[in-house]
């Protein structure tokens, strides 16, 4: 008898996806968020790049490159969302949901690259001792970039949290940092205007530091998903919901994220003489209870064990 057998009571195997009615609309919302964000940031970055080339501003150039890199991160997230739509196959029985997590890792790497680039440009500016020109136009470009990044960040963060996409939330945080980066470039140009020639280079250094800080946070969150980190309170809620089902005396719950899908495994103890039909009913009830208690759950696997086998 295997560890999951309980006499006449068969184990309840992998269940179909649940809480999945809005999956298609969630994906469409994510695609819209990525597309609109990429367009807005490309326009802002292109404007900054043109003005930076005209006025030789290190802060504005670093911010322009950072904003244009956001177009790249949006493309990475878009690819991850598209790949994650693929259905499960014999070689990928759990589907392709983790493609979203991998795209989040790509976003993190691109943020690190942006930080390194901003650092190099700023150090060179300070060593050269040159200062920015065409300050009025530069201030306008930086202000436009701040506004664009704030709008994009709020939009992607709202959608990402609603559909529970780690990659989209990571991209939204990147855009919040871009807003701070653009504000730093704006501050640097303002300081140059009042006579602080070195302020543009220093602003670039501050921008590089801010970007690196966010890169660390995004990397931590995405890597956490990839190594199966799940908030303890989430699993506690799933266990409590399963324990409340009639016929289940005690449970152990564990889970893992795969993209926006939370996969929960529940091992429950039932009476040794529980018939097969009752086990099936208990499995259905556990699945519904966990889905109600933990809305982000996509799949629940319930395995029954006899009380006498509990250790």
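Checking every residue in region 151-167 against the condition of being in a helix (DSSP H, G or I), in contact with a strand residue (DSSP E or B) (Cβ under 9 Å, 6 or more places away or on another chain), within 20 Å of residue 74 (Cβ to Cβ) and in the same structural domain as residue 46 (by TED's automatic domain parsing) gives at least one match.
Any residue at all in region 209-228 that's crowded, with 19+ Cβ neighbours inside 10 Å and either over 23 Å from the mean Cα position of the chain (by Cα) or without any contact (Cβ under 8 Å) to a residue 24 or more places away in the chain (or both)? Checked region 209-228: no residue is crowded, with 19+ Cβ neighbours inside 10 Å and either over 23 Å from the mean Cα position of the chain (by Cα) or without any contact (Cβ under 8 Å) to a residue 24 or more places away in the chain (or both). Set side by side, the residues 122, 84, 103 differ, and just one is buried (at least 16 other Cβ atoms within 10 Å of the Cβ), more than 24 Å from the chain's Cα centre (by Cα) and either touching a residue at least 24 places away in the same chain (Cβ under 8 Å) or under 23 Å from residue 33 (Cα atoms) (or both), which is 122. Among the residues making up region 279-301, those that are assigned to a helix (DSSP H, G or I), in contact (Cβ under 8 Å) with a residue 60 or more places away in the chain and crowded, with 17+ Cβ neighbours inside 10 Å are 279, 282, 283, 286, 287, 291.
Residue-by-condition table, conditions (1) more than 30 Å from residue 118 (Cβ to Cβ); (2) surrounded by fewer than 18 Cβ atoms within 10 Å (Cβ to Cβ); (3) at pLDDT 80 or above:
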residue	(1), (2), (3)
3	yes, yes, no
7	yes, yes, no
12	yes, no, no
18	yes, yes, no
35	no, yes, no
41	no, no, no
50	no, yes, yes
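Each residue in region 267-278 was checked for being surrounded by fewer than 21 Cβ atoms within 10 Å (Cβ to Cβ) and within 30 Å of residue 96 (Cα to Cα), and 1 pass. When 204, 184, 160 are checked against the criterion of being at pLDDT 80 or above and buried (at least 21 other Cβ atoms within 10 Å of the Cβ), a single residue qualifies: 160. Taking residue 247, is it part of a loop (DSSP other than H, G, I, E, B), free of Cβ contacts under 8 Å to residues at least 40 places away in the same chain and surrounded by fewer than 18 Cβ atoms within 10 Å (Cβ to Cβ)? When the stated conditions are applied, residue 247 passes them. Condition (residue is surrounded by 15 or more Cβ atoms within 10 Å (Cβ to Cβ), closer than 27 Å to residue 222 by Cα and either in contact with a helix residue (DSSP H, G or I) (Cβ under 9 Å, 6 or more places away or on another chain) or at pLDDT 75 or above (or both)) applied to region 131-138: is it met by at least one residue? No, region 131-138 contains no residue that is surrounded by 15 or more Cβ atoms within 10 Å (Cβ to Cβ), closer than 27 Å to residue 222 by Cα and either in contact with a helix residue (DSSP H, G or I) (Cβ under 9 Å, 6 or more places away or on another chain) or at pLDDT 75 or above (or both).
I'd like to know if region 255-266 contains one or more residues that are surrounded by 15 or more Cβ atoms within 10 Å (Cβ to Cβ), modelled with pLDDT of 85 or more and more than 25 Å from residue 162 (Cα to Cα). Yes, region 255-266 has at least one match.
If you go through region 44-52 one residue at a time, do you hit one that is over 21 Å from the mean Cα position of the chain (by Cα), under 20 Å from residue 159 (Cβ atoms) and touching a residue at least 24 places away in the same chain (Cβ under 8 Å)? Scanning region 44-52, I find at least one residue that is over 21 Å from the mean Cα position of the chain (by Cα), under 20 Å from residue 159 (Cβ atoms) and touching a residue at least 24 places away in the same chain (Cβ under 8 Å), so the answer is yes. What do you reckon, is residue 242 touching a strand residue (DSSP E or B) at 6+ places or on another chain (Cβ under 6 Å), buried (at least 21 other Cβ atoms within 10 Å of the Cβ) and within 22 Å of residue 163 (Cα to Cα)? In short, no. Here residue 272 does not qualify as outside the structural domain of residue 96 (by TED's automatic domain parsing), in a loop (DSSP other than H, G, I, E, B) and under 22 Å from the mean Cα position of the chain (by Cα).
When the criteria are applied in full, residue 266 meets the requirement of being touching a residue at least 12 places away in the same chain (Cβ under 8 Å), touching a helix residue (DSSP H, G or I) at 6+ places or on another chain (Cβ under 7 Å), not in a helix (DSSP H, G or I) and not assigned by TED's automatic domain parsing to the domain that holds residue 101.
The values are calculated or read from the model by the stated rules, or taken from the named source; none is laboratory data. This one's a predicted model, so the numbers in the text were calculated from it and none came from an experiment. Reconstructed Cβ throughout: ideal geometry from the backbone, glycine too, with neighbour counts over all protein chains shown.
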